Amino acid sequence: MKKYIRRVSRYIIVDILFDILCTVFAAYIPVMHKELFDSLAQGTLSRIPAITAVFIVLQGLSCACVYLCMLCTWKIAITFETAMKKDLISALLHKEKQSFYAYSTNDYISIQGNDITAIEQDYLTPWIDVFRSVNMFVIYAVVIVVYVDWRIALTIILSSLLVVIGPKITGKIMSDRRMDYQNQMAAYISCITDLLNGYKLVSRFTRNNLLKVHERTLHATADKRYAYGRSKTLSLSINDAAIRIIQITSFICACALLINGEISVGAGVATFSYVSSFISPLESILYDVSAIQSTDAVRKKFLHMISTGIRKDQPVPRKVERGISLRNVDYHNGGFRIRIDSLDFERGKKYAIVGGNGCGKSTLLKLIMQYLEPDSGTISLDGIPICGLDTSACISYIDQNEYIYHAGIHDNVTIFDSYPDARQQIRDVFWQKSADPEDVDCQKMSGGERQLIAFLRVAAQDTPIVLMDEPFAAMDVVNTKKVQDYLLESRDMADKTVIIITHDVSEETLAKYDAVVRADAFRVCET
């Protein structure tokens, strides 16, 4: 967290300076109460207009400083949260593939939307409040010693030492309960995402059971929140008891000094004002320390997320001389297992991968893309193991559910100008929907249109090896033939290796490929 605090340090310094000024002005307001009552008691009424004028000026200056402090607070919070969110997304987009897929998208959304805000509100802001409270505590203590009585100041300060007890008792409990609630909240977001994405499955037969699933998760989330609320209530109650002890001891001390005639009535009135003024920073310290401790697990989770699994600089092969080879590759996932003794994909050849559901077709491509890591064996590119290589310059991949951004065709095809749109002629051939298709949100297109955009994206990447997982599943017959002919027969693709998972096992289709890989046995049948 130190890195993010340093980014807002200049705003914090300005904020604290204005807060010190505000506290000094506010600390002198009870002095004016004292001067007023003493003037009345002594009959020196001529001083009252001056006292009133000073009182008004102090109130005005204090109000102005409060305004400036609030502006600084907003700037600090926004800058701090923006820096954390920027770093999180940057870290996620730099993660190793296996590390990234260790968490779900909902987990990342929960961290971005909930955890970072919690850290800003219950870690950064409380720390700043602690500094403000310490300023108030010191300034008020000095003013009481100078203008009221040192014994009253000593009584308030000693009784204030009780503030350290509450957070130590409740801090760990609050941290655990808060983390339980944050985790359950992520599960609730995941539940809602499932239900809404599966809307087409809602009917009079399924609606009630789907509502029960939601209610079960909702009630579990409410229970976790209530458990966190109970721990927070316990902390606040202990803090409240400590504050009341300060009030009682200060009241008794002031009464004893007044009875003995050791302080004036004005000093007594000022004492009660200062007790109230002392209570505010003490209450803040009590709450802030508990809040800071409660974010311990959330902060550790965030720091772990942005510091682990980050992709290091890797060699980037840009040419493919021979192709891809797999030797003794073994992969397990629960009860699922695939074994590939020997399999080669040669440069410039076109391969069809066929087989029944669940036999490992998609797994094969994900192993080549390093989305999955084999338990044993070697996957090589031109004889060099791909583990540790950045293959994005020479291998591109799309599946039948390729993600399409909420953007126009150009941004989706080039991934926001990441790839030069050098093959405009291809787009002109395959895309003739409208004169100005960039106005279209591609997320709203049909499945076939989205698959066509995914194909154009591969064409824009222009890699020597292309992996495609059922790329024609939702396309109409006309576009399927156009895309298939381009991939398998065009001059643009003549020297490229194309590996396509397909369920079209007709002799006419398979005859267009150089080889067919039977995924159920992972053997190559030359055509």
Exercise. Of K86/K300; K350/K482; K444/K482; K85/K361; K95/K232; K95/K366, which ones are farther than 26 Å apart at the Cα?
Worked result: K85/K361; K95/K232
For this session: Name the aspartates and glutamates eligible as straight-distance cross-link partners of K301: C-alpha to C-alpha under 12 Å, and not fewer than 8 places from it in the same chain.
Result: D107, D115
Problem set entry | Angle between the chain longest axis and helix 125-147 axis [Cα atoms, degrees, rounded to 10] | 10 degrees
Problem set entry | Amide H within-cut-off set for D469, under 5 Å, with H built and near neighbours excluded | I398, D399, Q400, I501
Problem set entry | Net lengthening on full extension, R10/L218 (0.36 nm per residue, minus Cα-Cα) | 70.6 nm
Problem set entry | 1.4 Å probe accessible area per residue over the range 464-510, in Å² | 46 Å²
Exercise. Once fully extended, how much extra length lies between I415 and T206, figured as 0.36 nm per residue of separation less the alpha-carbon to alpha-carbon distance?
Worked result: 71.4 nm
Seminar exercise, completed: Taking R0 as 60 Å and r as the Cβ-Cβ distance between V316 and T233, the FRET efficiency 1/(1 + (r/R0)^6), rounded to the nearest 0.05, comes to 0.60
For this session: Could you give me the percent of Cα pairs per 10 Å distance bin for the chain, shortest bin first, beginning at zero and ending with the bin that holds the maximum distance?
Result: 3, 13, 17, 17, 14, 11, 9, 7, 5, 3, 1, 0
Problem set entry | For the chain, size of Cβ-based charge dipole, Lys and Arg +1, Asp and Glu -1, in debye | 1120 debye
Problem set entry | Helical mean residue ellipticity (222 nm; -39500 (n - 2.57) per DSSP H run of 4+; nearest 500) of the chain | -20000 deg cm²/dmol
Exercise. What percent do you get for the relative contact order of the chain when only Cα pairs under 8 Å and 6+ apart count?
Worked result: 15 percent
For this session: Pull up the cross-link candidates among the aspartates and glutamates for K512, meaning alpha carbon to alpha carbon under 13 Å and not fewer than 8 places away within one chain.
Result: D485, E489, D504, E526
Seminar exercise, completed: Expressed as a percent, the accessible surface of the range 18-162 that is carbon or sulfur, using a 1.4 Å probe and the full set of protein chains, is 73 percent
Exercise. Simple spin-label model, 7 Å along Cα-to-Cβ: E507 to S46 in nm?
Worked result: 12.4 nm
Exercise. Fully extended, how many nm does the chain gain between L61 and D476 (0.36 nm per residue separation, minus their Cα-Cα distance)?
Worked result: 142.1 nm
Exercise. Against the longest alpha carbon principal axis of the chain, how many degrees, from 0 to 90 and to the nearest 10, is the axis of helix 477-489 turned?
Worked result: 80 degrees
Seminar exercise, completed: Counting only protein heavy atoms and rolling a 1.4 Å probe, one gets per residue an accessible area for the range 304-346 in Å² of 64 Å²
Exercise. R0 = 22 Å: FRET efficiency of D375 with N114, Cβ-based, nearest 0.05?
Worked result: 0.05
Problem set entry | Acute angle (nearest 10 degrees) that the helix 165-197 long axis makes with the longest principal axis of the chain, alpha-carbon atoms | 30 degrees
For this session: Could you check how much of the accessible area of the range 243-348 is carbon and sulfur, as a whole percent, using a 1.4 Å probe?
Result: 53 percent
Problem set entry | Qualifying aspartates and glutamates (Cα of each under 12 Å from Cα of K312; at least 8 residues distant if same chain) | E96, D390
For this session: Using a 1.4 angstrom probe, figure out how much accessible area the range 141-270 has per residue, in square angstrom, rounded to the nearest whole.
Result: 60 Å²
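The values are calculated or read from the model by the stated rules, or taken from the named source; none is laboratory data. Given the structure is predicted, the values throughout are model-derived calculations rather than measurements. Heads up, the Cβs are rebuilt from the backbone with ideal geometry, glycines too, and the neighbour counts pull from every protein chain shown. All accessible areas refer to the heavy atoms of the entire protein, side chains included, with ligands and DNA or RNA removed. Shrake-Rupley method; radii C 1.70, N 1.55, O 1.52, S 1.80 Å.
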